[in-house]
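FYI, it's all coordinate maths here, none of it is from the lab. Computed from a predicted structure; not experimentally measured. Note that we place each Cβ from the backbone using ideal geometry, even for glycine, and neighbour counts take in every protein chain shown.
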Amino acid sequence: MRKTVIANWKMHYGPVKAGAWIRAFRRERLPKDLEIGVAVPFVSLAAARSSLGRAGVPYLGAQDAFWANEGAFTGEIGPAMLKEFALSFCLVGHSERRQHLGETDDMVAKKAISLQKNGIRPVICVGETDAQRKKGETLKVVRAQVAAVLSAGLKVDGAGSPIIAYEPVWAIGTGKACSGQDAKVVHEAIHDMLNKKFGKAASEIPVIYGGSVDARNVGEYLSTTHIDGVLVGSASLDPRAFGMLCRASLPA
Ligand code: PEP
């Protein structure tokens with residue numbers, strides 16, 4: 001499986017600034033064997049759609065989606081609407097949404113399943129808080145989050161096959177990255193669950209790591225067994241830094 005690197009711009013870059021990021025990123029030399037995607041805010045999807053491909057980024061993603069395709073849900077954006085942008089993937093259950101917007105495992109599962117039905121890969125974010133980690137509950141919490149999407153009917157399904165992103169909440173945006181070895185234990189547990197559920201087909205589901213990844217530590221994650229890629233927030237905001245991170249992702 002080729003390694004995946006996904007940028008998450010979070011709540012940064014409207015269409016004008018998104019265009020400037022993409023123009024700058026076009027100058028970056030990128031490794032051929034890397035699956036690169038960028039998750040942009042809804043308002044920048046059109047701008048990104050028209051130029052991201054020329055910047056060497058094949059995969060365009062959104063950062064959230066509602067579970068219904070349309071209806072009386074003011075302010076929400078449904079997967080069928082996102083499909084019009086020919087999205088490859090969409091994040092769901094990012095810890096910032098769980099934390100600030102009260103997203104539950106049940107909501108995250110409904111979003112993931114609905115994206116799959118529309119042929120968009122859900123990138124399902126899971127991870128423990130600092131308090132849970134300190135109580136030794138990391139595996140219990142992550143397994144429960146993954147079990148919630150599996151029992152809701154997640155499938156391994158071609159274009160809509162999921163990606164699981166292990167993102168320890170305490171490592172997101174803090175500069176306190178989880179060590180490759182600690183992340184490995186959790187990735188292995190997630191892979192085990194996927195293997196039990198899907199058998200051989202589970203090998204199509206990348207399990208990627210997110211949390212303070214940068215150009216200095218990305219090589220450690222991507223050379224660790226069971227880590228199939230990375231989800232990158234802050235270090236993707238500067239196109240040159242993100243280009244450097246992509247080059248540092250694979251051995252020269
Ligand atoms: C993220 O937003 O998913 C993330 C991992 O952020 P950061 O890289 O800033 O920790």
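Given only helices, namely DSSP H runs of n ≥ 4 each adding -39500 (n - 2.57), what is the per-residue ellipticity at 222 nm of the chain, to the nearest 500 deg cm²/dmol?
-11000 deg cm²/dmol
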- [ ] Name the residues whose placed amide hydrogens come within less than 5 Å of the amide hydrogen of Gly229, ignoring near sequence neighbours (fewer than 5 apart) on the same chain.
- [x] Thr4, Tyr209
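Roughly speaking, what is the stretch gain from Arg240 to Val43, that is 0.36 nm per residue apart minus the C-alpha to C-alpha distance, in nm to one decimal? Display every interim value, and only then the final one.
On the way: separation 197, 0.36 × 197 = 70.92 nm, distance 2.29 nm.
That pair, Arg240 and Val43, stretches by 68.6 nm at full extension.
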Open item on the list: Test of understanding: in a Gaussian network model of the chain with alpha carbons linked when under 10 Å, which of Val186, Val149, Val43 would top the mean-square fluctuation ranking?
Closed with: Val43
- [ ] Mind computing the radius of gyration and Dmax over the alpha-carbon atoms of the range 30-120? Å is fine for both.
- [x] 13.7, 44
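Going down the list Lys10/Lys176; Lys110/Lys176; Lys135/Lys184; Lys3/Lys83, which pairs span over 22 Å between their C-alpha atoms? Kindly include the intermediate steps, with their values, before the conclusion.
Values: Lys10/Lys176 18 Å; Lys110/Lys176 31 Å; Lys135/Lys184 19 Å; Lys3/Lys83 24 Å.
Too far apart for the 22 Å limit: Lys110/Lys176; Lys3/Lys83.
Any idea what the dipole of the range 139-252 comes to, in debye rounded to 20, about its Cα centre with Lys/Arg Cβ at +1 and Asp/Glu Cβ at -1? Could you put the intermediate results ahead of the total?
Values: 11 positive and 10 negative charges, 32 e Å.
So the magnitude is around 160 debye.
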Open item on the list: Starting from the 7 Å offset along Cα-to-Cβ, what nm value, one decimal, do you get for the label separation of Arg216 and Glu137?
Closed with: 3.2 nm
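Calculated FRET efficiency, Lys117 and Arg26, Cβ-Cβ r, R0 41 Å, to nearest 0.05? Please report the intermediate quantities before stating the final value.
On the way: r = 34 Å, r/R0 = 0.83.
For Lys117 and Arg26, the calculated efficiency is 0.75.
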Task: Most mobile of Gly19, Gly75, Gly233 in a GNM of the chain (Cα contacts under 10 Å) - done: Gly75
TODO: Add +1 for every Lys or Arg and -1 for every Asp or Glu among the other residues with Cβ under 12 Å from the Cβ of Phe198, and state the total.
DONE: +1
TODO: Could you pull out every residue, at least 5 positions away or on a different chain, whose amide H is within less than 5 Å of the one on Glu76? Hs are placed 1.01 Å off N in the peptide plane, and Pro or chain starts have none.
DONE: none
Task: Computed FRET value (nearest 0.05) for Thr224 with Ala72, which takes r as the C-beta separation and R₀ as 41 Å - done: 0.35
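Where in the chain is the longest stretch that carries no trypsin sites (Lys or Arg not before Pro) classed as loop by DSSP and with at most 16 other Cβ atoms within 10 Å? It would help to have the intermediate numbers written out before the result.
Values: sites that count: Arg2, Arg26, Arg27, Arg29, Lys32, Lys135, Lys155, Lys176, Arg216.
No qualifying site falls inside 33-134, the longest such stretch.
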- [ ] Starting with the fewest neighbours, write out His191, His100, His94 ranked by other beta-carbon atoms found within 10 Å of each beta-carbon.
- [x] His100, His191, His94
Open item on the list: If I build a Gaussian network model for the chain, linking alpha-carbon pairs within less than 10 angstrom, which residue out of Thr224, Thr74, Thr138 has the largest mean-square fluctuation?
Closed with: Thr74
Open item on the list: Which residues does the label zone of Asp33 cover in the range 1-16, counting backbone N under 11 Å from a point 7 Å along Cα→Cβ?
Closed with: 1-3
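Suppose the chain between Arg54 and Asp157 were pulled fully straight at 0.36 nm per residue; how much longer would it get relative to their current alpha carbon spacing? All intermediate terms of the calculation are to be shown ahead of the outcome.
On the way: separation 103, 0.36 × 103 = 37.08 nm, distance 2.79 nm.
Full extension of this stretch gives 34.3 nm more.
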